[in-house]
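Laboratory data are not the source of any read-out in this text; all were calculated from the coordinates shown. Note that the coordinates shown come from a computational prediction; the quantities given were computed from them, not determined experimentally. FYI the Cβ positions are ideal-geometry reconstructions off the backbone, even for glycines, and counts take in every protein chain you see.
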Amino acid sequence: MDATRSGLLEIYRLAGEEIEAGSNLVCKLSGLCCRFREAGHRLYLTAVEYEEMARLGGTPPARKDGACPWLVNGLCANREGRALACRTYFCSDEEEAGAVTERGHARIRELHEKYGLPYVYRSLEDHRNFDSRISSEVV
């Protein structure tokens, strides 16, 4: 496992510990976090996070309903590959969830700086569009 990936997984682990260590965050299992259009939000993530999602879950086609492409039968089909924002989105307390996300994201930014990686933060849709342009150029 390369250092960047192990660093990202450590950041995910720390966010999980923070959530479990006495926060008021509770997953209601509504799936709203994955139904982007319905919830009125977009998933933003870094290129390092997107690469991990695609590595573990492939790149399924976009959905016409605007939901996450990894949402299958109401569940995440890429649970291990989820981005930080997926791991820290909770309907129960959006303010606290946002604070956990911001702390984790600051660590991800530090990871980029530590390894001299370009910092690319954009929507899942934009990552997927960029990824498909690269694939079509390579062929």
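For the range 1-46, what is the charge dipole size about the Cα centre, in debye to the nearest 20, if Lys and Arg each add +1 at the Cβ and Asp and Glu each add -1 at the Cβ?
On the way: 6 positive and 6 negative charges, 70 e Å.
Computed about the Cα centre, the dipole is about 340 debye.
How large is the convex hull of the Cα atoms of the range 3-138 per residue, expressed in Å³ as a whole number? Walk me through the numbers on the way to the answer.
Working: hull volume 15.0 nm³, N = 136.
Cα-based convex hull of the range 3-138, divided per residue, equals 110 Å³.
About the Cα centre of the range 3-138, what is the dipole size in debye to 20, counting +1 per Lys and Arg Cβ and -1 per Asp and Glu Cβ, all else neutral? Please list the in-between numbers first.
Values: 19 positive and 21 negative charges, 89 e Å.
Dipole size: approximately 420 debye.
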Charge dipole of the chain built from unit charges on the beta carbon (Lys, Arg +1; Asp, Glu -1), centred at mean Cα; most positive-end Cα among Gly74, Leu29, Tyr44 is Gly74
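Could you tell me the relative contact order of the chain? Use alpha-carbon pairs under 8 Å, at least six residues apart, and round to a whole percent. Spell out each step's value before the answer.
Numbers: 139 pairs, mean separation 47.7, N = 139.
Contact order relative to length: 34 percent.
For the range 3-77, what does the alpha-carbon gyration tensor say about shape, rounded, prolate or oblate, given a ≥ b ≥ c as the root eigenvalues, a/c under 1.5 as rounded, and a/b over b/c as prolate? Mind showing how you got there, number by number?
Details: a/c = 2.17, a/b = 1.17, b/c = 1.85.
Cα axes put the range 3-77 in the oblate bin.
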